[in-house]
1. Round to the nearest 10 and report in Å² the accessible area of Ile38, as given by a 1.4 Å probe over the protein chains' heavy atoms.
2. What's the FRET efficiency of Gln12 with Ile43 using the Cβ-Cβ distance as r and R₀ = 30 Å, to the nearest 0.05?
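The values are calculated or read from the model by the stated rules, or taken from the named source; none is laboratory data. Bear in mind that the values here come from a model prediction, so they are computed numbers and not experimental data. Please note: Cβ atoms are built from the backbone with ideal geometry, for glycine as well, and neighbour counts cover all protein chains shown. Quick note on the areas: whole protein, heavy atoms, side chains included, nothing else; ligands and nucleic acids left out. Shrake-Rupley method; radii C 1.70, N 1.55, O 1.52, S 1.80 Å.
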Amino acid sequence: MQKGYQMATQDQNRTLITEYGSNQVIMIDYDGNILWNITGLKIPQDAELLTNGNILVTENVIDIGRVFE
């Protein structure tokens, strides 16, 4: 992992990691396997797993913020 990340444990089997140092969000399982990822983001700030199973991601771009699901 690059320097600069935020981890949010979603349940005992999966962890969602926002890597703003490498502009991506990944979800890993307990063994470190990547279950889901999105790359090419512009300074991702946070990611949350929603109750419907979607992932909400926020970016912090200079003068323009973006939130998408």
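1. Around 50 Å² of this residue is reachable by solvent.
2. Working: r = 30 Å, r/R0 = 0.99.
E(calc), rounded to 0.05, equals 0.50.
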